[in-house]
1. May I ask you to work out the translational diffusion coefficient for segment B:1-146 at 37 °C, viscosity 0.692 mPa s, via Stokes-Einstein with Rh from the Kirkwood sum over Cα pairs, reported in whole µm²/s?
2. Hey, what's the Kirkwood Rh for segment B:61-182 if you take every pair of different alpha carbons, in angstrom?
3. When Lys and Arg each count +1 and Asp and Glu each count -1, what net charge do the other residues less than 12 Å away from B:ARG76, Cβ to Cβ, add up to?
4. What net charge do the residues around B:ASP85 carry, taking every other residue with its C-beta under 15 Å from that of B:ASP85, with Lys and Arg at +1 and Asp and Glu at -1?
5. Put a point 7 Å out from Cα along the line to Cβ at B:ARG135; what are the distances to that point in the other copies, in nm, shortest first?
6. Where the eigenvalues come from the Cα gyration tensor of segment B:80-121, what are the semi-axes √(5λ) of the equivalent ellipsoid, largest first, in whole Å?
7. Taking the axis about which chain A rotates onto chain B, which residue of A lies nearest it as judged by Cβ position, and how many whole Å separate them?
8. Taking each residue in B:52-61, count the Cβ atoms of any other chain within 10 Å of its Cβ, then average. What number comes out?
Protein chains: 2
Amino acid sequence: MALEHAILVSLLEQPGSGYELARRFDRSIGYFWTATHQQIYRVLKRMENDGWVDVREVAQDGRPDKKEYSVAEAGRSALSGWLRDPVEPETIRHDLAVKIRAVAFDDPSALIAEVVRHREIHVARLEHFLEGEKRDFPDPGALGTRQTLQHAVLRGGIAFQRMHIEWLDDVLATLHRLRPDN
Amino acid sequence: MALEHAILVSLLEQPGSGYELARRFDRSIGYFWTATHQQIYRVLKRMENDGWVDVREVAQDGRPDKKEYSVAEAGRSALSGWLRDPVEPETIRHDLAVKIRAVAFDDPSALIAEVVRHREIHVARLEHFLEGEKRDFPDPGALGTRQTLQHAVLRGGIAFQRMHIEWLDDVLATLHRLRPDN
DNA sequence: GATAGCATGTAACGGGTTACATGATTTA
DNA sequence: TAAATCATGTAACCCGTTACATGCTATC
């Protein structure tokens, strides 16, 4: 499990509330990890109980109060220990691949639309990532350590989207070859 | 959720026991989906209760009896309906990416070994996939529908491994640039 | 005699998803 | 006045992981 560690990294980069963390998981952290606010609040509470994070009530005007979390010493060393533990490479669970093999027992036409839809989503994500790259890392030669690492992770997200788009093109060509009448 | 649908596809390709399904999930289905025998037995029981699969007790000599499952009509139409429903593209959850960003607050050297380890695992998986390709699809021009689709899925797995290896090389170069003394 | 393979399960735990719930403020 | 944003949570359900459990047969 890395959600708690992803939260620790994000809070080390910048302390913030559960709500703010949820927004970060929609943006930069979303390049490699997703989490909903429900998950985040649940884990934050556990981390608070375990002494991994400190909380500070912050009054705001024109907005609800918030709880600002920051990393405590125990959290820092928990992260450090985890960094030294091996983690498993990601296992693939790809619904589309199941559907592709299922087409052998069904009509391909419905799947073609679905593959096109997925392709569009990956193209949109790629564009979003490329915009983020242009905005946040315009001069890759002149980055600090933190940004150099963030950029390397973002390049992984970009490569992931590009690979998907190419593979989906391949799948589409294959599906069309199955029915030349289409 | 696609485990039950992956099982349906596998049983359509070839009826079999829970044990046999578990082995298939270690092999060809493992290109795009993983599952343990515990999961499979649990889901098979549910599918049996729902009338998606039929069971037949098969006595064997020199081996324990087994329950051979095959797809029932209700299972076939459930799969057909699912094929027509949109599924979400995979969300990325990448522990290594969390670790990479965490390095900004820790020593990079431990991570380098971990990245090298991951790279080796992906190289081994790539080789395994390429062997499977050579063995099962030696003449891609002369495949039936089912195998053409299986091959397309396998090409996705191959592309996934290649992308990973390239990205991990990129990450390693980045980490080394952070510490030119290493 | 020990290990590996065949075959089927139960139980406990934690994580992820979805739905539900509240309440204030700002903007269209 | 309706919708969007800020902010925090509870509850239920299912899925995936890990550990435990049994017992037979074939091979080394």
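The values are calculated or read from the model by the stated rules, or taken from the named source; none is laboratory data. None of these values were measured; they are calculated from a predicted model. Cβ: placed from backbone, ideal geometry, glycine included. Neighbour counts: every protein chain shown. Ligands, DNA and RNA are excluded from the accessible area calculation, which covers all protein heavy atoms including side chains. Shrake-Rupley method; radii C 1.70, N 1.55, O 1.52, S 1.80 Å.
1. On the way: Rh = 18.5 Å.
Calculated translational D: 177 µm²/s.
2. Working: mean 1/r = 0.0534 Å⁻¹.
That comes to 18.7 Å for segment B:61-182.
3. Numbers: positive: none; negative: A:ASP106, B:ASP54, B:GLU73.
With Lys, Arg at +1 and Asp, Glu at -1, the net is -3.
4. Working: positive: A:LYS99, A:ARG117, B:ARG84; negative: A:ASP95, A:ASP106, A:ASP107, A:GLU114, B:GLU4, B:GLU88.
Around B:ASP85, the charge tally is -3.
5. Sorted ascending, the copy-to-copy spacings read 4.8 nm.
6. On the way: eigenvalues 258, 35, 3 Å².
They are 36, 13, 4 Å, listed largest first.
7. A:MET163, 2
8. On the way: counts 0, 0, 0, 0, 0, 0, 0, 0, 0, 0.
Whole-number average of other-chain Cβ neighbours for B:52-61 is 0.
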